[in-house]
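As structure tokens, the structure follows; a few thoughts come after it.
Only the coordinates and a few stated rules stand behind these numbers; no lab work does. These numbers come from a predicted model, not from an experiment. Cβ: placed from backbone, ideal geometry, glycine included. Neighbour counts: every protein chain shown.
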Amino acid sequence: MMGQPGGRDALNQLLNQQQEEPDNGRKVKAASLAGLKAAVEAHSALEWDERMEALAGSEGTVKTDDASDGTTQVRFPAPIGMVAWLPTSTLQDL
């Protein structure tokens with residue numbers, strides 16, 4: 001890996017991923033499909049992906065909030081098994 005172009009950067013990225021900050025821990029529930037999709041499509045920093053349909057109405061754990069753009073990164077456990085940035089306004093605290 002180190003001998004390849006960008007190898008040192010790639011290695012540093014892998015190491016940084018292992019040192020992720022712990023989740024915020026706040027439990028949230030995502031909005032219904034219609035509300036979630038409309039809010040994501042209306043948000044300039046986000047893009048709707050069909051896989052996000054599985055997030056509608058699901059419960060997850062907040063990893064981090066970004067007050068600068070009104071988004072929240074949420075970890076959804078199995079069977080969804082996805083981490084996604086969503087508009088904070090679409091999340092209900094549990």
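Tabulated data for the structure shown
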item	result
Estimated inter-spin distance, Glu53 and Ser89, nm [label 7 Å along Cα→Cβ]	2.5 nm
Likely footprinting exposure, Lys37, Lys29, fewest C-beta neighbours within 10 Å first	Lys29, Lys37
Net charge dipole size for the stretch 22-93 [Lys, Arg +1 and Asp, Glu -1 on Cβ; Debye, nearest 20]	260 debye
